[in-house]
Amino acid sequence: MANKSTDVCSYQRAWTLDNWVRRLLQNPYKIVGEYVKEGQVVMDLGCGPGFFSLAMAKLVGEKGKVISVDIQEEMLQIVKSKSEREGLSSRIILHKAQQEKLGISEMVDFALAFYMVHEVPDKMSFLSEVASRLKPDGRFLIVEPKFHVSKSDFDSTLEVARSMGLEQVSEPKLSLSRAALLKPGSR
């Protein structure tokens, strides 16, 4: 069940994912600031042009790491250029995932999937892999666009997450979005 390339936001539209309007509507520091702490290892799933990756790199500080994950090499190159310009490249690990597998071996304190889970062809496999990478006290924030993902579809994703051993901690209120903060359940 391969995903059609048209289902993923193309790198050619990367500018729409990182601009001043988006920063006003979806301030990355307000969205992840309470979850990402200095020294942590965090993962930005479907990182695109690095809108959240760069902010998280500043939040984790020099001793922390951000694993920026995308299936498009071009998006990762945009993140690389930006992180070099901002002096953050030593904190950011670029990781090209395969369509059906993340392939991350590192354990993380926090994972973010912002407006991308609806693009994943096999949610069960994806959520299982993310759950397996969370440290016991780790957190996973899923955020989906209300204008694109219905409540029933979002609830269905959360049901799959629960079946993969994740428990919902809270339902953060984010404008134009559906969101859930998850943690590993008792295994």
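Values quoted throughout were computed directly from the atomic coordinates according to the rules given, and no laboratory measurement underlies them. Everything quoted here is computed from the prediction, not taken from an experiment. All Cβ positions, even for glycine, are placed from backbone atoms using ideal geometry, and neighbour counts span all protein chains on display.
Leu54 passes every criterion in (1) surrounded by fewer than 21 Cβ atoms within 10 Å (Cβ to Cβ); (2) in a helix (DSSP H, G or I); (3) not aromatic (Phe, Trp, Tyr) apart from (1). The residue of segment 106-128 that is surrounded by the fewest Cβ atoms within 10 Å (Cβ to Cβ), among those that are in contact with a Lys or Arg (Cβ under 8 Å, 6 or more places away or on another chain) and under 13 Å from Ile67 (Cβ atoms), is Glu106. Condition first: charged (D, E, K, R), touching a strand residue (DSSP E or B) at 6+ places or on another chain (Cβ under 7 Å), on the phi < 0 side of the Ramachandran plot and part of a helix (DSSP H, G or I). Can you find one or more residues in segment 155-176 that meet it? Taking every residue of segment 155-176 in turn, none turns out to be charged (D, E, K, R), touching a strand residue (DSSP E or B) at 6+ places or on another chain (Cβ under 7 Å), on the phi < 0 side of the Ramachandran plot and part of a helix (DSSP H, G or I). Within segment 80-99, is there a residue that is in a loop (DSSP other than H, G, I, E, B) and in contact with a helix residue (DSSP H, G or I) (Cβ under 9 Å, 6 or more places away or on another chain)? Yes: one or more hits. The residue that is surrounded by the fewest Cβ atoms within 10 Å (Cβ to Cβ), counting only those in segment 130-153 that are assigned to a loop (DSSP other than H, G, I, E, B) and not β-branched (Val, Ile, Thr), is Phe147.
Kindly indicate which of Gly103, Gly39 is surrounded by fewer than 19 Cβ atoms within 10 Å (Cβ to Cβ), in a loop (DSSP other than H, G, I, E, B) and within 15 Å of the chain's Cα centre (by Cα).
Working: Gly39 fails: within 15 Å of the chain's Cα centre (by Cα).
It is Gly103.
If you check Lys183 against the conditions, is it touching a helix residue (DSSP H, G or I) at 6+ places or on another chain (Cβ under 6 Å), surrounded by 14 or more Cβ atoms within 10 Å (Cβ to Cβ) and among the basic types (Lys, Arg)? It is false that Lys183 is touching a helix residue (DSSP H, G or I) at 6+ places or on another chain (Cβ under 6 Å), surrounded by 14 or more Cβ atoms within 10 Å (Cβ to Cβ) and among the basic types (Lys, Arg).
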